[in-house]
Amino acid sequence: MAGFLYLVYLVIQISSDALGRSRLIVFGDAATTARNIMASAWQFRIGFVGDLVAAVLFLIAAWALYVLLKPVNWSLALLFLLLNLGGVAVQC
């Protein structure tokens, strides 16, 4: 289950980057990026929602791995879960 969730996370994250923002953002040119976002707001929103869904899936996959690894070493599994929670917070 954890592997499946991680796979779905990867597919959503990559498609969100490819379909949502890759054509809109021009590095080094904020004015052009703003114009691109204003012209294709729906595309930017799709990328944004895809990122949020991917973050939730990543957190659920981390929780599944915590449940899987808890019998082996509870403290390291909890540390893994907390570090992933911090990573998801930074990503969001």
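Just so you know, all these numbers are worked out from the coordinates, no wet-lab data involved. Here the structure is a predicted model, which means the values were calculated and not measured. Please note: Cβ atoms are built from the backbone with ideal geometry, for glycine as well, and neighbour counts cover all protein chains shown.
Below is a table of values for the structure above.
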| read-out | value |
| --- | --- |
| Label point distance in nm, residue 64-residue 31, each placed 7 Å from Cα along Cα→Cβ | 4.8 |
| Folded to 0 to 90 degrees: helix 2-15 orientation relative to the chain principal axis, Cα | 10 |
| Projected-area mean, the chain, by convex hull of Cα positions, square nanometres | 6.4 |
| Surface/4 estimate of mean projected area, convex hull on alpha-carbon atoms of region 1-45, nm² | 3.5 |
